[in-house]
1. Scan around LEU77 for amide H atoms under 5 Å from its own, H built in the peptide plane at 1.01 Å from N, and keep only partners 5 or more places away or cross-chain.
2. Give me ASP93, ASP244, ASP40 sorted ascending by neighbouring Cβ count inside 10 Å, so fewest comes first.
3. Give a residue-ordered list of calculated ³J(HN,Hα) values for the range 22-34 (Karplus: 6.51 cos²θ - 1.76 cosθ + 1.60, θ = phi - 60°; whole Hz; x for Gly, Pro).
4. Can you put CYS91, CYS39 in order of Cβ neighbours within 10 angstrom, beginning with the fewest?
5. What does the charge add up to near GLY9, with Lys and Arg as +1, Asp and Glu as -1, over the other residues with Cβ less than 15 Å from its Cβ?
6. Among the listed pairs LYS181/LYS258; LYS181/LYS231; LYS76/LYS102; LYS49/LYS76; LYS4/LYS102, give every one whose C-alpha distance is greater than 31 Å.
7. Of ALA224, ALA265, ASN192, which is farthest along the charge dipole of the range 191-282 in the positive direction, counting Lys and Arg as +1 and Asp and Glu as -1 at C-beta?
8. Compute the orientation-averaged projected area for the range 1-139 from the convex hull of its Cα atoms and round it to one decimal in nm².
Amino acid sequence: MSKKLILQGPQAAQALLAQIAALAAPASTTALHAHALRCDGFDFTPALKERVLAAAYEAQIDASFVDAGLSLADFKLVAMDMDSTLITIECIDEIADMQGLKPQVSAITEAAMRGELDFSESLQRRVALLAGLPSEALGRVYDERLKISPGGEAMLRAVQDAGLKTLLVSGGFTFFTERLKTRLALDYTHANLLEAEDGKLTGRVVGGIVDAGEKMRTVQRTCAGLGIDTKQAIVMGDGANDLDMMGIAGLSVAFRAKPVVRAQADIALNFTGLDGLLTVLA
């Protein structure tokens, strides 16, 4: 099947986009908006893709190669990671900051997201450091530090208007996913439950941990419940624990992701917001 190439960048001028497009020698180009260009009618090869992606990244442009006819109408579900994907922060790092332990926890988080540590073990280690912290610290993180990633709300409105269901599946915590579910009118959420006693965190998680395998199973269960194939799902993530669920999707999207995730995703949005997905599927 022929491919289309979508070039986009938050500040990219059409002239710069055309310069990158020329590497593919397309038969035609179409401006999608002021900062996005579609290219059609080129001979796709892995070597061409590698060359265009490298040049685009250097120019702070997102380059996406997908099947020429692919559109939002081909999908029924958008599944998203939460921390550093739908939202700009790693919640556990910000909770730890309330204990003066952010550097220690952040270092473990980073290693886990790069795939250097087992996620379940890393989460248990990080949560243990939170023991004794007043539960009200979670509310402070939500109110004072949690922000939706650029383009996130616009992307969600568009996919919801198009009739797609939405799933937020996170190795983070239900305190945040449940509030985001209400705030953003999400259909489904799944995350870890932090244990608390007498108004303080115990440093433990209740029940099973939402690791890479559980994230994948959650996408599978949700698709089965909707009566759709997992290839009708778009899955977005940034860390190594997202790779399993991204691997079963019809379209996997790495958002501001670690290199190991960018390398395996169908497309990567490194510079545009989450609404860059809409341009790729226009």
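1. For LEU77, the qualifying residues are LYS165, ILE234.
2. ASP40, ASP244, ASP93
3. So the Karplus estimates, Gly and Pro as x, are 4, 4, 8, 6, x, 6, 8, 9, 9, 6, 7, 7, 4 Hz.
4. Lowest to highest Cβ neighbour count: CYS91, CYS39.
5. Every neighbour counted, the sum reads -1.
6. As for pairs spanning more than 31 Å Cα to Cα, those are LYS76/LYS102; LYS4/LYS102.
7. Highest projection toward the positive end goes to ALA265.
8. Result: a mean projected hull area of 11.9 nm².
Read-outs throughout are calculated quantities, based only on the coordinates presented, and are distinct from any laboratory measurement. Every value quoted in this text rests on a predicted model; they were computed, and no experiment measured them. Because the Cβ atoms are built from the backbone with ideal geometry, glycine has one as well, and the counts that use them run over all protein chains shown.
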